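The structure appears below as structure tokens.
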Amino acid sequence: MILMNWLNALKTQQTRSRPPSVTVVVDGTPRQAWAGQSVAAVLVAAGIWALGCNPVTGQPRGPFCGMGVCLECRVTIDGCPGTPACTEHVADGMDIRTALAVFPESTESGGADA
Ligand code: FES
């Protein structure tokens, strides 16, 4: 009985602590995310590691530092290019474009070389 009470309390706590779900559009595909998640976390969870590309070589780039320093994770958000995905939080209806959408020939390998 004590175990059941504990499990029910845990389940209630988990339900309460979840942030609301939002829908973002990644390269034209709608995806579910938790409000407050970083854009980089949503993309990596979707298996998308090539977020941007080197402007000179076209080499795909992915998140490296995860804290807004290296700028290897730049994406286009709501038409604003060069936005660091790791420091931007998702919002409902956000339009996110990765290197795959902007430079499809540069990410044919599907992976970043960060
Ligand atoms: S991963 Fe370094 S700035 Fe985003």
Please go through the range 72-104 and give me each residue that is surrounded by fewer than 14 Cβ atoms within 10 Å (Cβ to Cβ) and at pLDDT below 95, ordered by number. P81, G82, P104
Scanning the range 31-58 residue by residue, the ones that are crowded, with 16+ Cβ neighbours inside 10 Å and over 25 Å from P20 (Cβ atoms) total 4
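Conditions tested, residue by residue: (1) touching a helix residue (DSSP H, G or I) at 6+ places or on another chain (Cβ under 6 Å); (2) near the ligand (Cβ under 9 Å from one of its atoms); (3) closer than 17 Å to M94 by Cα.
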| site | (1), (2), (3) |
| --- | --- |
| S21 | no, no, yes |
| A40 | no, yes, yes |
| I48 | no, no, yes |
| G58 | yes, no, no |
| C65 | no, yes, no |
| G68 | no, yes, no |
| V75 | no, no, yes |
| C80 | no, no, yes |
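The values are calculated or read from the model by the stated rules, or taken from the named source; none is laboratory data. Treat the numbers as computed from the prediction; the structure is a model and nothing was measured. Here Cβ is always computed from backbone atoms with ideal geometry, including for glycine, and neighbour counts include all displayed protein chains.
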